[in-house]
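Visitor: Quick one: this structure, given as structure tokens, is what I'll be asking you about.
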Amino acid sequence: MSASDFATQALPNWRRAVLKVGSSLLAGSADAAANPGLHTGYAVPLAGFIERSRAQGREVVLVSSGAVAAGRGRIGAAGDGLVLRQALASLGQASLIGFWQQLTAQPVAQVLLTHDDLRNRRRYLNARATLRELLRLGALPVINENDAVAVDELKLGDNDNLAAAVASLVDADLLLIATDIGGLYSANPQRDPHARPVERVERITPELLEAAGGGAGALGTGGMRTKLEAAAKAGAAGIATVLFSGRDETVVRELGEGRLRGTLVLAQGDRLRARKQWLRHAPASGRLQVDEGAVAALHRQGASLLPGGVVAVEGDFRRGDVVEIVAVHDGPAFARGLAQYSAAEIRRIARRHSQDIESVLGFRYGESVVHRDDLVLIASQAGTTEVMP
């Protein structure tokens, strides 16, 4: 049931990854009952991987459990009710951030999310913009579910599925899930001596999820079913998932060298194509008419749409809604994207320089009206289909 059961394979190429670390790796010591709280043993190599990745020009977003354990360690409260867990999470959040800060030279930033944040388009865009800016500033975002205020119908349910949602949110190339076993097995290795390591999964099937069971999982400890559910969600967004032992320092070090001993769950299609496909077909709430300079920039340079290129605004849309982009006096839309500002706000900043946005509106979400990461070309001027890079 260790990483030595798995053969070494190449880690997929990646530039941005989401790393999920569960509480079993941060508070799972044998004497946890007598010594509650967070423990650095398994976290130090994982922090080293993050540091090494940054030195290689890569970006890591960390999804970390452990706030409840940290809170329990501060006051030693027993019990496991929802309200108690919410209180312990509130007590432990600062300790969790401090825990990771002591292990890395990067500035650590706390980001708390609920399902409602990711379901609401405006909140989704706000979270996306914040995380993008944190990465640009060289910070390490540490994300956790907002347990202090979340209730059952709003909770994402577990940090595995939260990590999959975050991977899609930040356009990650890879989802890394640290587990307390070597990876996925064909059966529960604690019960079945014939269980075999599964090093590569082409697709998460209902049969595989059924075999994984619930809780600790028929395929092993660590809630393997939720990890496979997360891998399925990431795969549908075009993001591959890696399951590896977070307890094995050698495995963690080899990840930084581009080698994996664990399970690789392949992505289902191209990441960008999946996002662009959604933008192509989502209902539009309005239109932006743009000048020839903006048309040329979007077609030839892969640029964002800036307010200076907007000539007119049609419709009454809100920030985060899908809008069509059309050339002035030129009929059909040639692009679609997510509006970074509402229709009323864009009317006020149209034809203005990006530097004027804050002075006109009193605030600023960014310099673009539609960011290039949230924009797709649906036809070139020659009428052929094209996708933005």
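The values are calculated or read from the model by the stated rules, or taken from the named source; none is laboratory data. Only a predicted model underlies this, so the values are computations on that prediction, with no experimental measurement involved. With ideal geometry, Cβ positions are generated from the backbone for all residues, glycine too; neighbour counts draw on all protein chains shown. Remember, those area values only see protein heavy atoms, side chains included, never the ligands or the DNA or RNA. Shrake-Rupley method; radii C 1.70, N 1.55, O 1.52, S 1.80 Å.
Visitor: Taking every DSSP beta bridge that has both residues in the range 263-355, what percent is antiparallel when rounded to the nearest 5? Write down the numbers at each step before the final one.
Guide: Details: 9 of 14 bridges.
Beta bridges within the range 263-355, antiparallel portion: roughly 65 percent.
Visitor: Of the trypsin sites (Lys or Arg not before Pro) in the range 300-371, which ones lie in a loop per DSSP and count no more than 13 other C-beta atoms within 10 Å?
Guide: Values: sites: ARG300, ARG318, ARG319, ARG336, ARG347, ARG348, ARG351, ARG352, ARG364; in loops: ARG318, ARG319, ARG351, ARG352, ARG364.
Sites meeting the loop and neighbour criteria: ARG351.
Visitor: A follow-up question, please. Please give the per residue accessible area of the chain, computed with a probe of 1.4 Å over protein heavy atoms only, in Å². Each step should come with its number before you reach the end.
Guide: Values: 16890 Å² over 389 residues.
On a per-residue basis, 43 Å².
Visitor: For the chain, what does the helix formula give at 222 nm: sum of -39500 (n - 2.57) over DSSP H segments with n ≥ 4, over the residue count, nearest 500 deg cm²/dmol?
Guide: On the way: 14 runs with 138 residues, N = 389.
Taking each H run of at least 4 residues, the total per residue is -10500 deg cm²/dmol.
Visitor: Across 10 Å bins from 0, what is the distribution of all Cα-Cα pair distances for the chain, in whole percents?
Guide: 5, 22, 29, 23, 14, 7, 1, 0
Visitor: Can I ask one more? Return the single residue from ALA43, ALA212, ALA195 with maximal mean-square fluctuation; model: Gaussian network over the chain, springs between Cα atoms under 10 Å.
Guide: ALA195
Visitor: To continue, here is another question. By DSSP, what percent of the beta bridges with both residues in the chain are antiparallel, rounded to the nearest 5? Present the calculation step by step, with values, prior to reporting the outcome.
Guide: Working: 21 of 53 bridges.
Counting DSSP beta bridges with both partners in the chain, the antiparallel share is about 40 percent.
Visitor: Considering only VAL18, VAL328, VAL166, give the residue with the highest GNM mean-square fluctuation for the chain, with springs between Cα atoms whenever their separation is below 10 Å.
Guide: Of VAL18, VAL328, VAL166, the Gaussian network model singles out VAL328 as fluctuating most.
Visitor: In degrees, nearest 10, range 0 to 90: what is the angle between the Cα axis of helix 159-169 and the longest Cα principal axis of the chain?
Guide: 20 degrees
Visitor: If you roll a 1.4 angstrom probe over the protein chains with everything in place, what fraction of the accessible area of the chain belongs to carbon and sulfur, to the nearest %? Don't skip to the answer; put the middle values down first.
Guide: Working: 8180 of 16890 Å².
On the chain, the fraction of accessible area on carbon and sulfur atoms equals 48 percent.
Visitor: Roughly how tilted is helix 43-55, in degrees to the nearest 10 and between 0 and 90, from the longest Cα axis of the chain?
Guide: Long axis of 43-55 versus the principal axis of the chain: about 30 degrees.
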